[in-house]
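Structure, as structure tokens:
The values are calculated or read from the model by the stated rules, or taken from the named source; none is laboratory data. Everything quoted here is computed from the prediction, not taken from an experiment. Here Cβ is always computed from backbone atoms with ideal geometry, including for glycine, and neighbour counts include all displayed protein chains.
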Amino acid sequence: MVDDRWEEETNDGEESFAELLEQSFVGEKILTPGQKVEADILKITADWVFLDVGQKGEGVLDRKELLDAEGKLTVAEGDRISAYFVSRAGGELRFTTRMGGAGTGSAQLEEAWRSGIPVDGLVEKEIKGGYEVKLAGQARAFCPYSQMALRRTEDPGQFVGRHLPFKISRYEEQGRNIVVSHRVILEEEQQQQREQLRQTLQEGMTVPGTVTSLRDFGAFVDIGGLEGLLPISEVGWGRVEDISETLAVGQQVQVVIKKLDWDNQRFSFSLKETLADPWEQAPLQFPEGSVQQGKVARLTPFGAFVTLADGIDGLIHISKLGGGKRINHPREVVQEGQQLEVRVESVDSQSRRISLALAGSEARSETVEAKEDFGAYLQEQPGSSMGTLGDLLRQAGSKKKK
């Protein structure tokens, strides 16, 4: 009986241990070869770097992978790095930042292809359709132009002579036919940055960015892993005809986030919203009754729009263009691009409207009206140059005698 009870207790203990062991792995993410993780450096020894990767076992990484060209360590304990999972042996998890070095042979390259682990490569020269890349050992690979960068570059030769990380997209004929991609790694990094930005970005925020390309309809701006469109209408308050006169590739800008469409991966920005609104000062800059210089921006059937300053257009209604005569279209009097002297009749900054009139015709109209008013005034005043009624009768009688 004692032996039976001991055996039952032993079996219960074994079952409890198995259950505890199973429970210890509940909720733990299972790592697969080639999976990229973020890890904290726990300790650095002469040969190894020990990592905290959120698993039960410790992660280890060859210290040589974190040395620069001069053999100096590029990280310190407590730093956070990205690494790729290679294998699990007991409680030890092997990681790498990328495969490379003289010790890497065809077997390791094939494993890197199967696991999706990056490999070091030296871009040796341009060849038809892309680049010849030297991998670890004597292996040669081909990287198409389209797989070198995120977008087409005007200087493809800039990559020659550079050491870059690649992923093997094709491994055939025991390593005699290898195709690699650097773009895949850049896309992965960009996706990680986007996921981080998704947690922090909101529409209406002002963020720094870099102009990546120019188009007739606007510019594309990268705000750190996320690229969006800056429409030409959002470049400035004034009309922009040639965007290259305002922006340049590589230029640093501050933009306001107008739209974040994560589902369709469409993002738009505004540059003009970071600039002062010219309409706020319009009543002071263009007071009613003042005469201003302007340029005819466009003609419509109901009038001519005149640009007074960047972002400030006023309207001369067609009824004020004919000098008192009826016209069918503003083009009968003015042309686009013509410089004009105009008179400000009214300013409504809230509605962003300025009513204008031609200064010259307005002045002539006022002169005629002034003469008519002045003539009526003289007729009403005694002693004016026209004389009294008696003087007029005497003048008429003297004319008859003659």
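Here are the numbers for this structure:
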read-out: Hey, ALA102 within 17 Å of LEU164 (Cα to Cα), among the aliphatic types (A, V, I, L, M) and either in contact with a Phe, Trp or Tyr (Cβ under 9 Å, 6 or more places away or on another chain) or at pLDDT below 85 (or both) or not; value: yes
read-out: Test for GLN281: is it in a strand (DSSP E or B) and surrounded by fewer than 16 Cβ atoms within 10 Å (Cβ to Cβ); value: no
read-out: Count - residues of the stretch 184-219 that are outside any loop (DSSP other than H, G, I, E, B) and touching a helix residue (DSSP H, G or I) at 6+ places or on another chain (Cβ under 8 Å); value: 6
read-out: Residues of the stretch 316-334 classified as assigned to a loop (DSSP other than H, G, I, E, B) and surrounded by 12 or more Cβ atoms within 10 Å (Cβ to Cβ), total; value: 7
read-out: Matching residues in the stretch 51-87 - criterion: being surrounded by fewer than 17 Cβ atoms within 10 Å (Cβ to Cβ), in a strand (DSSP E or B) and among the hydrophobic types (A, V, I, L, M, F, W, C); value: LEU67, LEU73
read-out: Among residues of the stretch 224-247, those that are among the small types (Gly, Ala, Ser), free of Cβ contacts under 8 Å to residues at least 60 places away in the same chain and within 24 Å of LEU308 (Cβ to Cβ), counted; value: 1
read-out: Qualifying residue in the stretch 168-184 (condition: within 15 Å of the chain's Cα centre (by Cα), without any contact (Cβ under 8 Å) to a residue 40 or more places away in the chain and not assigned by TED's automatic domain parsing to the domain that holds SER82); value: no
read-out: Test: residue in the stretch 141-152 that is farther than 30 Å from VAL249 by Cα and either buried (at least 19 other Cβ atoms within 10 Å of the Cβ) or under 39 Å from the mean Cα position of the chain (by Cα) (or both); value: yes
read-out: Count of residues meeting criterion [assigned to a helix (DSSP H, G or I) and touching a helix residue (DSSP H, G or I) at 6+ places or on another chain (Cβ under 9 Å)] in the stretch 152-164; value: 1
read-out: The stretch 165-180, residues that are surrounded by fewer than 20 Cβ atoms within 10 Å (Cβ to Cβ) and not in a loop (DSSP other than H, G, I, E, B); value: PRO165, SER169, ARG170, GLU172, GLU173, GLN174, ASN177, VAL179
read-out: SER233 assigned by TED's automatic domain parsing to the domain that holds SER270 and assigned to a helix (DSSP H, G or I); value: yes
read-out: Counted residues, the stretch 321-348 - those being closer than 14 Å to LEU299 by Cα and among the basic types (Lys, Arg); value: 1
read-out: Check on GLU188, touching a residue at least 60 places away in the same chain (Cβ under 8 Å) and under 19 Å from GLN35 (Cα atoms); value: yes
read-out: Matching residues, the stretch 284-315, being part of a loop (DSSP other than H, G, I, E, B) and buried (at least 19 other Cβ atoms within 10 Å of the Cβ); value: PHE286
read-out: Residue list for the stretch 215-241, restricted to those being within 28 Å of TRP279 (Cα to Cα) and of a type in the set (A, V, I, L, M, F, W, C); value: PHE217, ALA219, PHE220, VAL221, LEU229, LEU230, ILE232, VAL235, TRP237, VAL240
